[in-house]
Amino acid sequence: MRRSTINYILLGLTTLGLAGAGAAFAVYLWASNGLPSITKVEDYRPAQVTTVYARDGSIMGYLFREKRFLVNLEQMAPNLKWAFLAAEDAEFYNHPGVNYKAIIRATIANIKAGRTVQGGSTITQQVVKRLVVGDERSLKRKAQEALLAFQLEDRLTKDQILYIYLNQIYLGHSTYGVEAAARVYFGKHASELTAAECAVLAAIPKAPTDYNPYLNPENSRNRQLWVLGQMREKGFITEAEYLEAKAQPMVFKSMPDPSWSVGSWYLEEVRRQLLTLLSEDSVVQKGIALDVYGEDAVYEGGLHVYTAMEPEHQRAAEQSLRAGLHDACRRRGWRGPLQNLPAGEREAFLKDTPFAPAMFDNAGWVKGLVVKVDKTGADVRLGVDYTGRIPVSVLYWARNPNTNISPEAAGRVVDATKVLAEGDVIWVSAIGAEGKKNPLSVPAAPDDKRNPVPAYDSTQAAKGTPIPLALEQWPDLQGAMASIDVKAGDVVALAGGYAFSPESQFNRATQARRQPGSSFKPIVYSAALDNGFTAGSILLDSPFVLPAAPGGKMWTPGNFDGKFLGPILLSEALAKSRNVCTVRVAQAIGMEAIIQRAHDLGIPGDIPAVLAVSLGSYEATPLTMASAYTAFADGGIAVTPRIITEVRNAWNDPIVPVVPVRREAISPQNAYIRATLLKGVVTSGTAARANVLGRPTAGKTGTSNDERDAWFIGFSPYLVTSTYIGYDNNTPMGRMETGGRAALPVFIKYRQAVDHLYPPDDFAKPDGITYLSIDPNTGYPGSGVSLPFMAGTEPGVGSGGVLGPEDPDVQTGEDILRGFE
């Protein structure tokens, strides 16, 4: 059994030359006055990294204040503890917490050197200093450190103290503890370190900046050799092991940190949801087993957070959205160069903007300087040694911006001097260098199959040969995508904008409330099916006049194309997104039925009972709209989707399971008819371009007033994907920037990348559905189109005929109805 703490203290004081038991006891009483508790050390709970995982178990990112990963001694390389003991406290296993011999040695060495060259603190004292008494320089603080070191040695084992030390120690480069340091300096775990690598880490605590191998490699090497020598001298390693470690080349590299790269928007949403889920009120209300809450729990709790994000989906969503935003911005025209340099500043710019051909690999962009322009193209210098040429054929899109005309009406650029001038600084890419790895990967030239572009090869680029270039510009549009696995209720992808950065973290997928336009119409028609309408009902697509609210103006609803088709089937009205027909339906069944259906499908808020809502004037987020469509995709079952699937504590014990909320929002028959009719939007309606997917796909385009918001929400039996494009300041995007043109291509590109993960299944037909061939002129059985009906509502049994009743008391909201598609 160990001698008591008081005996150790008295022995220490005697050793240090303090005469007499009375004097020693007096010093003890003086140091004990206000002595802090070591409970914090005994109950060691340091700030740890919270790790966020993707759906496949891969790491999405880390959230932390101090980059620390707890590992026990068995999870460290055997030589790791011996390296630190050799460097910091070789007699650790033999002293009682304070090493008197070391103090005397250090005192003598420091006196001889005239400065501090040695320290006498033990590892136990260092633990007390870091966790209890702090860094204050005073005699009393030092005496208390010694007293607490004795106490700690009485209450914890040596290995427990060493465990705390090796996990708590700061090791430079924003790392705390040996596991974090092993990842940052060697790209491996602490259990995988060699003796030579252990010595590098053990060299750092003496001066974390001076002995940082990245910042001061020579100092690091010298200190490493000293540590290895100490390990040999103390018998921690053999001579052979010493020579092997001394000869090992050091390769410094960091373990890849996925944080804020692919999935940044998703990770940010996880962070936001965690702060809410682990708030003080939530922790108490839900009985979550955590001692801390809020930001402390998120950034220091060492939690393991599992999410629904699928990396393959996420990459596809981000790349598809970026490509779509590039294309949409090109349709708007050329906003001009980054700057135009005077002749006297151009050479300095080239020297300060180094270039290498490999910078173009995988669709990389670089800054170039225009040095000559003629009608056929522009010559560009890249750095000091390379040149490039932009042919006018790839400037086809770079017209002067004009939102009042479509790109087709504006025509193609045929004269490069109308676009560029000498001295312009511009972004350029290499034609043929699109690649597949870079998220900026978008076509650098028009898709012209008659003139295929050869693949760019950076290894073949020569200083005397111009590189074929394309003009680029950073998108000023924004957008979002949210994709839900309807069976699992998981949000598998979430892209909240063009690029996530410290300056731009607004997640448009979950935070931007925008008008969905005609993508709201399926909700209207779903309500109509339960209120006397069928797929075969005849709707009148013709002008009619409605009064507004008292004191308002008369209103004549119109269609996006300005045309009227006369009597048409409800199925055709939906496929072709006819506004007038939708307003007639909304007027007939009443806005309260539509608002109730929107709430049934999970769209929250106080939705106003005005006809404008039937055409999508009520604002919602892309994720909300995707969630509403899950009922159409999954037999009437709507899901409140989950982003976080489970939260576990630092010991990987489950503390918060997250279960998706599933509910029957509409009948299976209503959902099936809705899905079938929305397939018509793809096969022959406003989303016909999606036929390229070659599998059953349904969906709806949407465009708000003056082309301010463009949407496409598409779905299959397994996946619902909502896509939105628009300006953050709600300005018009330009003539004909509709959902079918701006948002639909983003959906298509994404689904082409992920559809192979699912079978090409069609929507399952439930009981209670019959099919009839309907005459489109009458709405009754006859030669025409085959349509699904709920049993008992077929023409001749239920209702049919032409819709035309008007309710003069309905509020139209006509001021925001113009231009909806």
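The values are calculated or read from the model by the stated rules, or taken from the named source; none is laboratory data. Predicted, not measured: the structure shown is a model, and the values here were computed from it. No Cβ is skipped: glycine too gets one built from the backbone with ideal geometry, and neighbour counts run over all protein chains shown. Side chains are part of the model used for accessible areas, which takes the heavy atoms of the whole protein and leaves out ligands, DNA and RNA. Shrake-Rupley method; radii C 1.70, N 1.55, O 1.52, S 1.80 Å.
Things worth noting here:
- Leu540 fulfils the conditions (1) at pLDDT 95 or above; (2) outside any helix (DSSP H, G or I); (3) of a type outside the set (Lys, Arg); (4) touching a Lys or Arg at 6+ places or on another chain (Cβ under 7 Å) except for a single criterion, (1).
- For segment 210-218, the criterion of being within 30 Å of Pro502 (Cα to Cα), open to solvent by less than 80 Å² (accessible area, probe 1.4 Å), in contact with a helix residue (DSSP H, G or I) (Cβ under 7 Å, 6 or more places away or on another chain) and not in a helix (DSSP H, G or I) is satisfied by at least one residue.
- Check on Glu153, of a type in the set (Asp, Glu) and more than 38 Å from the chain's Cα centre (by Cα): yes
- If you go through segment 304-359 and keep only what is in a loop (DSSP other than H, G, I, E, B) and basic (Lys, Arg), you end up with just Arg335.
- Selection within segment 267-294 - open to solvent by 20 Å² or more (accessible area, probe 1.4 Å) and among the polar types (S, T, N, Q): Gln273, Thr276, Ser279, Gln285
- One residue from Tyr176, Tyr185, Tyr163 being aromatic (Phe, Trp, Tyr) and open to solvent by less than 10 Å² (accessible area, probe 1.4 Å): Tyr185
- Subset of segment 92-115 [at pLDDT 65 or above and open to solvent by less than 60 Å² (accessible area, probe 1.4 Å)]: Phe92, His95, Pro96, Gly97, Val98, Asn99, Tyr100, Ile103
- Within segment 517-534, the set of residues being polar (S, T, N, Q) and open to solvent by 20 Å² or more (accessible area, probe 1.4 Å) comprises Asn531 only.
- Assessment of segment 757-776 against the conditions (open to solvent by less than 10 Å² (accessible area, probe 1.4 Å), in contact with a Ser or Thr (Cβ under 7 Å, 6 or more places away or on another chain) and outside any helix (DSSP H, G or I)) yields no matching residue.
- Within this structure, Ser191 fails the test of being more than 30 Å from Asp43 (Cα to Cα), open to solvent by 10 Å² or more (accessible area, probe 1.4 Å) and touching a residue at least 40 places away in the same chain (Cβ under 8 Å).
- Failed item, numbered, when Lys521 is tested on (1) in contact (Cβ under 8 Å) with a residue 12 or more places away in the chain; (2) charged (D, E, K, R); (3) more than 28 Å from Ser773 (Cβ to Cβ): (3)
- Summed over segment 722-732, the residues that are touching a Lys or Arg at 6+ places or on another chain (Cβ under 7 Å) and either under 17 Å from Ala316 (Cβ atoms) or open to solvent by less than 20 Å² (accessible area, probe 1.4 Å) (or both) give a count of 2.
- Search result, residues across segment 491-514 that are more than 21 Å from Pro641 (Cα to Cα) and either of a type outside the set (Ser, Thr, Tyr) or assigned to a strand (DSSP E or B) (or both): Ala499, Phe500, Ser501, Pro502, Glu503, Ser504, Gln505
- Filter pass, Thr124 being at pLDDT 70 or above and part of a helix (DSSP H, G or I): yes
- If the condition is being modelled with pLDDT of 50 or more and among the β-branched types (Val, Ile, Thr), then segment 413-461 contributes Val413, Val414, Thr417, Val419, Val425, Ile426, Val428, Ile431, Thr459.
- Residues (of a type in the set (A, V, I, L, M), surrounded by fewer than 18 Cβ atoms within 10 Å (Cβ to Cβ), touching a Phe, Trp or Tyr at 6+ places or on another chain (Cβ under 9 Å) and touching a residue at least 60 places away in the same chain (Cβ under 8 Å)) located in segment 386-424: none
- Here the strands (runs of 3 or more DSSP E) wholly within segment 614-709 that include at least 1 residues being more than 30 Å from Leu70 (Cβ to Cβ) and open to solvent by 10 Å² or more (accessible area, probe 1.4 Å) are 637-640, 661-664.
- Some residue of segment 147-160 being more than 22 Å from Pro256 (Cβ to Cβ), modelled with pLDDT of 95 or more and open to solvent by less than 30 Å² (accessible area, probe 1.4 Å): no
- The listed residues are Glu269, Glu244, and the only one of them that is in contact with a Ser or Thr (Cβ under 7 Å, 6 or more places away or on another chain), of a type in the set (Asp, Glu), assigned to a helix (DSSP H, G or I) and in contact (Cβ under 8 Å) with a residue 40 or more places away in the chain turns out to be Glu269.
- Among (1) closer than 16 Å to Arg322 by Cα; (2) of a type outside the set (Asp, Glu); (3) open to solvent by 30 Å² or more (accessible area, probe 1.4 Å) - the single one Ala743 does not satisfy: (3)
- Residue among Leu303, Leu325, Leu341 that is in contact with a strand residue (DSSP E or B) (Cβ under 8 Å, 6 or more places away or on another chain), open to solvent by less than 30 Å² (accessible area, probe 1.4 Å) and within 23 Å of Ser501 (Cβ to Cβ): Leu325
- Candidates Arg578, Arg597: the one that is modelled with pLDDT of 95 or more and basic (Lys, Arg) is Arg597.
- Those residues of segment 454-497 which are within 24 Å of Gly324 (Cβ to Cβ) and free of Cβ contacts under 8 Å to residues at least 24 places away in the same chain, in sequence order: Ala455
- If the condition is being surrounded by fewer than 24 Cβ atoms within 10 Å (Cβ to Cβ), under 26 Å from Phe763 (Cα atoms) and charged (D, E, K, R), then segment 576-613 contributes Lys576, Asp600.
- Some residue of segment 227-236 being open to solvent by less than 60 Å² (accessible area, probe 1.4 Å), assigned to a loop (DSSP other than H, G, I, E, B), among the β-branched types (Val, Ile, Thr) and closer than 15 Å to Ala77 by Cβ: no
- Selection count, segment 247-266, where residues are under 30 Å from Thr621 (Cβ atoms), assigned to a loop (DSSP other than H, G, I, E, B) and of a type in the set (Gly, Ala, Ser): 3
- Residues considered: Ala297, Ala308. Of these, the only one that is touching a Pro at 6+ places or on another chain (Cβ under 8 Å) and crowded, with 19+ Cβ neighbours inside 10 Å is Ala308.
- Against the list (1) in contact with a Gly (Cβ under 9 Å, 6 or more places away or on another chain); (2) open to solvent by 20 Å² or more (accessible area, probe 1.4 Å); (3) under 25 Å from Ser783 (Cβ atoms), the condition Leu565 fails is (1).
- Index of the failed condition, Val200 passing every other in (1) closer than 16 Å to Leu85 by Cα; (2) open to solvent by 10 Å² or more (accessible area, probe 1.4 Å): (2)
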